[in-house]
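All remarks here apply to the structure that follows.
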């Protein structure tokens, strides 16, 4: 079996070489569900026991939760084991990313990291595990890594061999088949004042639909429609996205309906380094969901694995009674509501290719071994200076066992401001069974919705 912990491997670099990697042998795939979890994580505990063995994750809801309700904290009695501050960060340096070290130095003592007992809660439906095993022996990268073939439903490379395979595991990880929810974003000023933007989100994951075949989904990963509810100046704005599997061969399709002009127009530039709408230029489009879109602007290197303090089990931030005012503070969120745990993460570095004009010259991603979710990242400018630090605070949802973000933020260390998305603010629980169809996400359907 390939080495589970790779240290600075040259094979992690897959740039313009055109090397096609991917599928492992049936013998290697036997490790899935044995010494590896079904999605490819190390099942065992670490040597000190500070990271426990994976025993199936949070596959059933905790007592007291009912379907249709916002997820409750399954660990209400947990207290921080210790708190990392600017004053004691040197004691935990080997467990901290460069981004978190800089956040502690620049924003301490207000920015601190409460560290809790590690709970390996990531869980997915059994049919996802079955498909993960099938993907392991079939999936392959296309030339130059700009797409994937022979894969469906979930991450294609549970036993990855390079950085591109790991980032594709994030892009294609299982997030359910469909979901609808309301959420707010904000870009607080340096004094903490903010004006939230509230959107309704509707996702239909064609790639993850049970029984789907790759040939049937028309190169689509998912369809997304957002409808802006407030403020009044933006209300009625609709964005429609068709996210493609091979975005070089068939680029992302996007449309935007502006309530002022009352027209639905194509948005060909909704990708890569373009400013994310309503982010006050604090986040690029490809930072949504921590990373999305074609990976062709970077060379990707798998640096190995680390045991790192990362956001995890963010049920306090997700809680039904938590408001935006509870979360938002000047320069960063209310860290008393954050929860960090020690987990094993894959470390992937992305270096901008020669001739590419992206605003980020280098990026570093920390990807959860149990879910393939990017938990944290760092974005560097052309001078090699750390510019932005991003976090994804995640939970395991209950009505559909899915480990996914509940809140994301990007901290701009130069502007001393941040972008935050996922403010629940008393909204209803995520609906993982809204009954969508692919026909609900056509341009004509978006036009009809805009007229209502």
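Each value in this text was obtained by applying a stated rule to the coordinates, not by laboratory testing. Everything numeric in this text was worked out from a predicted model, so none of it was measured. So basically every Cβ, Gly included, is an ideal-geometry build from the backbone, and we count neighbours across all protein chains shown.
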- Query: Just the C-alpha atoms of region 181-223: what Rg/Rh do they give, with Rh taken as the Kirkwood radius?
  - Reply: 1.32
- Message: For the chain, what does the helix formula give at 222 nm: sum of -39500 (n - 2.57) over DSSP H segments with n ≥ 4, over the residue count, nearest 500 deg cm²/dmol?
- Response: -3000 deg cm²/dmol
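Please order 141, 101 by the number of other Cβ within 10 Å, starting at the fewest.
Result, fewest neighbours first: 101, 141.
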- Average the reciprocal distances over every distinct pair of alpha-carbons in region 221-339, invert the result, and give the Kirkwood radius in Å. 17.4 Å
- Query: Can you give me the pair-distance distribution of the chain, C-alpha pairs, 20 Å bins, whole percents?
  - Reply: 26, 62, 12, 0
- Item | the chain, relative contact order [Cα under 8 Å, separation at least 6], % | 20 percent
- Chain lengthening between residue 334 and residue 433 when straightened (0.36 nm per residue, less Cα-Cα): 32.4 nm
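Find how much the distance from residue 415 to residue 230 grows on full extension, using 0.36 nm per residue of separation minus their present alpha carbon separation; answer in nm with one decimal.
The residue 415-residue 230 span can extend by a further 64.1 nm.
Based on a Kirkwood Rh over C-alpha pairs, give the Stokes-Einstein translational diffusion coefficient of region 331-397 at 20 °C and viscosity 1.002 mPa s in µm²/s.
Roughly 157 µm²/s, to the nearest whole number.
Using the C-alpha atoms of region 123-205, what convex hull volume per residue, in cubic angstrom, is computed? Could the numbers behind the result be given before it?
Numbers: hull volume 12.8 nm³, N = 83.
Expressed per residue, the convex hull around the Cα atoms of region 123-205 is 154 Å³.
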- Message: From the Cα trace of region 351-441, what convex hull volume per residue do you get, rounded to a whole Å³?
- Response: 165 Å³
- Query: In what sequence do 174, 82, 272 fall when counting other Cβ within 10 Å, fewest first?
  - Reply: 82, 272, 174
- Note on the structure: Whole-number value, in Å³ per residue, for the convex hull of the alpha carbons of region 44-172 is 190 Å³
- Item | Two-decimal ratio, region 155-247, of alpha-carbon radius of gyration to 2.2 N^0.38 Å | 1.38
- Note on the structure: Residues 284, 250, 390 in order from fewest to most other beta-carbon atoms within 10 Å are 250, 284, 390
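Evaluate 2.2 N^0.38 Å with N set to the residue count of region 82-154, then give the Cα radius of gyration divided by it.
Values: Rg = 20.1 Å, N = 73, 2.2 N^0.38 = 11.2 Å.
Relative to the rule-of-thumb radius for its length, region 82-154 sits at 1.79.
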- Length added when fully stretched, residue 193-residue 266, from 0.36 nm per residue minus Cα-Cα: 22.9 nm
